[in-house]
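Right, one structure below, let's go through it.
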Amino acid sequence: MNGVIFATVMWLLSRMVIAIAMLVIAPLLPAPPGGIQPTVSWDVFLAWDSYFYEAITISGYDYVNDGQGHNVAFFPLFPLLVRAVMSGGLPFNVGGTVVNNLAFWGALIVLYAWMQESHGQKVARWTTAVLAWCPFSLFGTVIYTEGLFLLLSTAALRAYDHKHYGWSALWGGLASATRLPGIALSPAFWLVAWREKRPAIAYLPSLATAGGVGLYSLYCGIRFGDMLAFLRVQQAWQPEQAFYGQGWLKMLVQISAGTANWNRGWLHDPWHPLIFVTICALGYLLWRSRSPGENSQSRAEDCIPHYTPHPTPHIRHPVLHSLQPSWRSHLKRLCVDKGYGFYLLGILLWLLAGDPLINMIMVWGGGYLLVRQRTKLRPVTVIYGLCSLAVILSPGRTISAERHAYGIVSIAIALGLLLARYRRWGWATLLFFTLVLLSFAVRFSQHLWVA
């Protein structure tokens, strides 16, 4: 199947799931506590950060250094593009949705092309599917910047990987004018150029990428007299912390002991930690019960030990030959059952821990996956991914960290590369992604917090 067609199919099917959840399922449900009952309209794509982009697009930026959350925290490229679309007579909720969705579609096409060039068709398909069906791909449809940022950052990385430095400079500069995490492209390009001993022109994209943030900083200096206004207002979304990493510690306790126990400061609900320990114990026992020759990194269908033929292969023992097929079938079934056993335990753990578990896995699991897969990935993919995670983790803030981690295309590439090798886990992962994507879409349309 042609890459553009495959990426388009993934985009259409995953967006249809979101549309059904937001426009069909959610309006039939009663308003949840703290939320609303959505209507069948374009307004379902408008919530949370969307209102800041609406204010920027219609009225421009505002800022006062008073510790409040002003819209100067949000970078200008997305509102500029939406404003251009609105000049054709479309309202903001339609224009913003169209821009983000078309950009996300473009991101999937560019990603497929890059992966096919560097890793082959199978990896390209799995990586594109991962990016399209990940629950946080919801933010490639609603009025946020994920679609545009993924398009520009992926295009910049692909161009740099192919040593097209002019295009890389252009896409990188636009990426950092879309979102602050785009600045991670700058050190990534510099480190790759230094590591691979590329010519002096290879350092140009690093400077150009920083230029996107630099130009916006210059605008803030001229307009508000404060070149760091977009950084100062971040404090409004930064909860007070007694120490660095307090938010991650809280998340870890919520996973293992439960949110109710964290909020009360004592063991109010003993069932949560008991169930958590039970799930972990079952997982450990399942892991320990592997057959001695079973490799934890092998596919379920490949975990059967290779049969070593007798020195005289033309002589076959009749009894052993008759038992061999059933033995192999039993071992294969055992390996497959254990694989699904781990999957079932993972689902139970998610049902118990909820969002904190997904958030922890997106950020820390994504980092682990990048390091583990580093020898199989392109250097620019690994270095950019680690630099981006450093940007996310640097303030110690956990709010929206999982959504920002989704915006790191390197993590989707690492997971796609892994699932291309272990297809049973791949299909199970996509099924889980679809279920959570449905849940997230309904919650967002109800104005409940997602990420």
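Overview of values
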item	result
Count of residues meeting criterion [among the polar types (S, T, N, Q) and closer than 20 Å to Ala159 by Cβ] in region 357-396	2
Any pair with Cβ under 7 angstrom, 6 or more apart, that starts in region 346-364 at a residue that is without any contact (Cβ under 8 Å) to a residue 60 or more places away in the chain and at positive phi and ends at one that is of a type outside the set (Phe, Trp, Tyr) and surrounded by fewer than 19 Cβ atoms within 10 Å (Cβ to Cβ)	none
Yes/no for Leu80 being open to solvent by 10 Å² or more (accessible area, probe 1.4 Å), over 18 Å from Ser14 (Cβ atoms) and part of a helix (DSSP H, G or I)	yes
Tabulated pairs, region 238-266, first free of Cβ contacts under 8 Å to residues at least 12 places away in the same chain, second small (Gly, Ala, Ser) and outside any helix (DSSP H, G or I), C-beta under 9 angstrom, 6+ apart or interchain	Phe243/Gly396
Given (1) buried (at least 21 other Cβ atoms within 10 Å of the Cβ); (2) of a type outside the set (Gly, Ala, Ser); (3) more than 28 Å from Ala155 (Cβ to Cβ), index of the condition Thr429 fails	(3)
So Phe243, is it more than 24 Å from Ile408 (Cα to Cα), in contact with a Ser or Thr (Cβ under 7 Å, 6 or more places away or on another chain) and either part of a loop (DSSP other than H, G, I, E, B) or not hydroxyl-bearing (Ser, Thr, Tyr) (or both)	no
For Ile411: the one exception among (1) more than 25 Å from Val17 (Cα to Cα); (2) out of contact with any Asp or Glu (no Cβ under 8 Å at 6 or more places or on another chain); (3) open to solvent by less than 30 Å² (accessible area, probe 1.4 Å); (4) part of a helix (DSSP H, G or I)	(1)
Criterion: without any contact (Cβ under 8 Å) to a residue 24 or more places away in the chain and of a type in the set (A, V, I, L, M, F, W, C) - qualifying residue of Val64, Val99, Val94	Val64
Test: residue in region 32-53 that is open to solvent by less than 70 Å² (accessible area, probe 1.4 Å), without any contact (Cβ under 8 Å) to a residue 24 or more places away in the chain and closer than 30 Å to Asp226 by Cβ	yes
Search result, residues across region 249-293 that are among the aromatic types (Phe, Trp, Tyr) and either assigned to a helix (DSSP H, G or I) or within 29 Å of the chain's Cα centre (by Cα) (or both)	Trp262, Trp271, Phe276, Tyr284, Trp287
Considering residues of region 1-10 that are touching a Ser or Thr at 6+ places or on another chain (Cβ under 9 Å) and at pLDDT 95 or above only, the residue surrounded by the most Cβ atoms within 10 Å (Cβ to Cβ)	Ala7
Residue match in region 88-104 (condition: aromatic (Phe, Trp, Tyr) and more than 18 Å from Phe444 (Cβ to Cβ))	no
Subset of region 206-262 [loosely packed, with under 15 Cβ neighbours inside 10 Å and aromatic (Phe, Trp, Tyr)]	Trp237, Phe243, Tyr244
Residue, nearest to Ala420 (Cα to Cα), within region 98-140, restricted to residues that are of a type outside the set (A, V, I, L, M, F, W, C) and touching a Ser or Thr at 6+ places or on another chain (Cβ under 7 Å)	Tyr112
Among (1) under 23 Å from Tyr61 (Cβ atoms); (2) open to solvent by 10 Å² or more (accessible area, probe 1.4 Å); (3) in a helix (DSSP H, G or I), the one test that Gly106 misses	(1)
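The values are calculated or read from the model by the stated rules, or taken from the named source; none is laboratory data. Being a predicted model, the structure only gives us computed values, none of them experimental. Counting neighbours? That spans all protein chains shown, and the Cβs are built from the backbone with ideal geometry, glycine included. Note: accessible area is taken over every heavy atom of the protein model, side chains too, but ligands, DNA and RNA are not part of it. Shrake-Rupley method; radii C 1.70, N 1.55, O 1.52, S 1.80 Å.
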